[in-house]
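Colleague: Just dropping this structure here.
The values are calculated or read from the model by the stated rules, or taken from the named source; none is laboratory data. Just so we're clear, the structure is a prediction, and the values are computed from it rather than from any experiment. With ideal geometry, Cβ positions are generated from the backbone for all residues, glycine too; neighbour counts draw on all protein chains shown.
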Amino acid sequence: MKKIPCAIYRGGTSKPIFFLEKDLPREAKQRDEVVLAAFGSPDLRQIDGLGGADPLTSKVAYIGPPSVPDADIDYTFGYVGIANPVIDYAGNCGNTSAAVGPYALLRGLIEPHEPVTKVRIYNTNTKKIIVAEFQVREGDFVSEGDFRIDGAPGSGSKILLDFLDSGGSVTGKLLPTGKVKEQVKFPTLGTLEVSMVDAANPFVFVRATDLGIKGNETLEEFAGNNDLLKKCEEIRSVVAEIMGIAKKEDATRVSPGVPKIAVVSPPMSYQAPRGKVEASEIDVIARMTALQKLHKAYAVTGAVCLGAAAKIDGTIVNEIYRKVQPDNPPAVRIGHPSGTIQVEIETAKRNGDPVLSKAALVRTARLLMDGYVYVPGW
């Protein structure tokens, strides 16, 4: 058996496993085989590895020295397949991004600065810079604090993330097709109106009513609706081909994590694990899937993309947002299955096209384990 140093963090509402690039095989295929073995994939329970058999706990991050001049570290993210032996590197994970700075400090890749350390993170998946600011005391990351996020128990210190110039993260365009919304024909669903936006990660947004639901369904109601999840994957697969990411018939297998889909609806009250979410607390309701399952909270990159969509005139999300917020404040408040998440968004025009100039939000993170994982040697 080969032992490999790794660390497990709770980053936001996710639980990724972190590796240093140098501790893994350099050849990509061999590296992926080693990481899949570390997670226990392919296996629905991931019983022979560190994976948690859930999309939010089957994530990996590789950290190393910077490959571009204006960054402090490189960060590569992967969605690790659970039932399938695949690692999807097509996009980023914002919750995982929250723990990148603390891990880099843990491994000595950056210098601590008190009381706040700022790190410029180059995400190799999207070729974008993320600026993270987190609290440090006596050279170590301070995870304790009184800031709470829905979807994670307890509280922690604030980690500020700003996804710089995050438009066109995968497709190269904030609006992948150049349209704010359009009619798309699907194999079994017929023609639906959707909005495609690419900010931090590419998303397709669809109205909840077009899928036969209200949109404020609880976590259990949405997650247990297999017919609805199949509809979401059909939409996601067709859009994957439109965006040039994967053929629609191959999207579930070769690119299960990107693009993503969010089902949106106007504010309504609903029950969440933390208690009742009131309509007055939110500007839009969203439910998104991850690896063909309901995301139990909401992705940070998803919040960035939805926030951008809310600020682009004419999108499905913008139509909902501007009815609630006609004065167009910078904050976009999103209601998700576990509560709420807020993102600060600013857009501008460049050569007549919308561009994303600011996308910032706050997360928390905590180191759970620092040690070794044992896998068959290579």
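Colleague: Filter the stretch 207-241 for residues that are touching a helix residue (DSSP H, G or I) at 6+ places or on another chain (Cβ under 6 Å), in contact (Cβ under 8 Å) with a residue 24 or more places away in the chain and either outside the structural domain of Thr301 (by TED's automatic domain parsing) or of a type in the set (A, V, I, L, M, F, W, C) (or both) and give the result.
Modeller: Answer for the stretch 207-241, where residues must be touching a helix residue (DSSP H, G or I) at 6+ places or on another chain (Cβ under 6 Å), in contact (Cβ under 8 Å) with a residue 24 or more places away in the chain and either outside the structural domain of Thr301 (by TED's automatic domain parsing) or of a type in the set (A, V, I, L, M, F, W, C) (or both): just Leu211.
Colleague: Kindly provide the set of residues from the stretch 126-144 that are more than 21 Å from the chain's Cα centre (by Cα) and on the phi > 0 side of the Ramachandran plot, ordered by number.
Modeller: Scanning the stretch 126-144 gives Glu138, Gly139.
Colleague: Among the residues of the stretch 248-265 satisfying the criterion of being in a loop (DSSP other than H, G, I, E, B) and either within 22 Å of the chain's Cα centre (by Cα) or on the phi > 0 side of the Ramachandran plot (or both), which is surrounded by the most Cβ atoms within 10 Å (Cβ to Cβ)?
Modeller: The extreme case among them is Pro259.
Colleague: Please work out which residue is modelled with the lowest pLDDT, limiting yourself to the stretch 181-220 and to residues that are among the polar types (S, T, N, Q) and in a loop (DSSP other than H, G, I, E, B).
Modeller: That would be Thr218.
Colleague: Ok, one more. Could you pull out the residue among Gly108, Gly151, Gly172, Gly178 that is touching a Gly at 6+ places or on another chain (Cβ under 7 Å) and in a loop (DSSP other than H, G, I, E, B)?
Modeller: After applying the criteria, what remains is Gly151.
Colleague: Moving on. Can you confirm whether the stretch 324-343 contains a residue that is of a type in the set (Gly, Ala, Ser) and free of Cβ contacts under 8 Å to residues at least 12 places away in the same chain?
Modeller: no
Colleague: Looking at Leu36, is it without any contact (Cβ under 8 Å) to a residue 60 or more places away in the chain, aliphatic (A, V, I, L, M), out of contact with any helix residue (DSSP H, G or I) (no Cβ under 9 Å at 6 or more places or on another chain) and in a loop (DSSP other than H, G, I, E, B)?
Modeller: No.
Colleague: Answer yes or no: is there a residue in the stretch 313-324 that is assigned by TED's automatic domain parsing to the domain that holds Asn201, aliphatic (A, V, I, L, M) and farther than 25 Å from Glu193 by Cα.
Modeller: no
Colleague: Looking only at the stretch 320-368, how many residues end up being part of a strand (DSSP E or B), charged (D, E, K, R) and surrounded by 15 or more Cβ atoms within 10 Å (Cβ to Cβ)?
Modeller: Selection size over the stretch 320-368: 5.
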